[in-house]
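One structure below.
The values are calculated or read from the model by the stated rules, or taken from the named source; none is laboratory data. Small disclaimer: the values here were computed from a predicted structure and weren't measured. FYI the Cβ positions are ideal-geometry reconstructions off the backbone, even for glycines, and counts take in every protein chain you see. Heads up: the accessible areas ignore ligands, DNA and RNA and are worked out on the full protein's heavy atoms, side chains in. Shrake-Rupley method; radii C 1.70, N 1.55, O 1.52, S 1.80 Å.
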Amino acid sequence: MIGVRVCILDDLQEKDARGFRVTPPDGEVLSLIVVRKDGEVYAYRNHCPHTGINLEWQPDQFFDPGGGFLQCATHGALFRPEDGYCVRGPCAGDSLEAVPVRVDNGEILVLV
Ligand code: FES
């Protein structure tokens with residue numbers, strides 16, 4: 001695995017989630033959700049386990065109105081930000097596909 005730069009840590013505020021597209025050296029573009037919560041950074045493939053489509057309804061709009069869960073805009077599935085587990089919705093019990101991530105020297109890297 002190699003680290004592919006996503007953004008600098010300061011681009012992602014606490015309780016923020018943003019969408020990114022990164023291109024690893026093998027050329028396959030990855031659509032990602034990157035989340036910062038309680039000082040930790042998490043990354044997931046931006047594919048709802050229900051139908052495989054992107055979660056957001058507008059760019060970088062991933063949190064539900066209460067701010068506690070990532071939400072799929074299509075049918076409302078709710079996912080825990082810290083592990084991607086779906087707690088409610090048509091794919092309850094499934095999870096977003098986690099992507100290994102690390103913060104190195106103030107930069108967020110995904111390991112692909
Ligand atoms: S497509 Fe995400 S809940 Fe149906």
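Observations on the structure shown:
- In sequence order, region 46-61 has phi-based couplings of 7, 9, 5, x, 5, 10, x, 7, 5, 7, 7, 9, 9, x, 6, 9 Hz under the Karplus curve 6.51 cos²θ - 1.76 cosθ + 1.60, θ = phi - 60°, and Gly or Pro positions carry x.
- Here is the list for region 41-84: chymotrypsin sites (Phe, Trp or Tyr not before Pro) lying in DSSP coil, each with at most 16 other C-beta atoms within 10 angstrom of its C-beta, are W57.
- Taking amide H atoms as placed 1.01 Å from N in the peptide plane, the amide H of V6 lies under 5 Å from those of I108, L109, V110, each 5 or more residues away in sequence or on another chain.
- Amide hydrogen proximity for H47: with H placed 1.01 Å from N in the peptide plane, the residues at 5 or more positions away or on another chain lying under 5 Å are E97.
- In order along region 88-101, the Karplus-derived 3J(HN,Hα) couplings, from 6.51 cos²θ - 1.76 cosθ + 1.60 at θ = phi - 60°, round to 7, x, x, 10, 3, x, 8, 9, 5, 7, 6, 10, x, 9 Hz, and Gly and Pro are given as x.
- In order through region 14-20: 3J(HN,Hα) via Karplus (6.51 cos²θ - 1.76 cosθ + 1.60), integer Hz, x for Gly, Pro: 4, 6, 10, 9, 9, x, 9
- Options Y42, C72, T23, ranked by Cα towards positive dipole end of the chain, top entry (Cβ charges): C72
- Comparing E40, E28, E56 in a Gaussian network model of the chain (Cα springs below 10 Å), the most mobile by mean-square fluctuation is E28.
- With protein chains left intact and a 1.4 Å probe, residues in the chain average 53 Å² of accessible area per residue.
- Sequence of S95, S31 from largest to smallest accessible area, 1.4 Å probe: S95, S31
- Whole-number percent relative contact order across region 3-111, with pairs defined as alpha carbons under 8 Å at least 6 apart: 27 percent
- Region 14-67, accessible surface, carbon-and-sulfur percent (1.4 angstrom probe): 44 percent
- Other-chain or far-sequence residues with amide H under 5 Å of V101's (modelled H): L111
- Placing +1 on the Cβ of every Lys and Arg and -1 on the Cβ of every Asp and Glu, with nothing else charged, gives region 3-111 a dipole about its Cα centre of roughly 200 debye.
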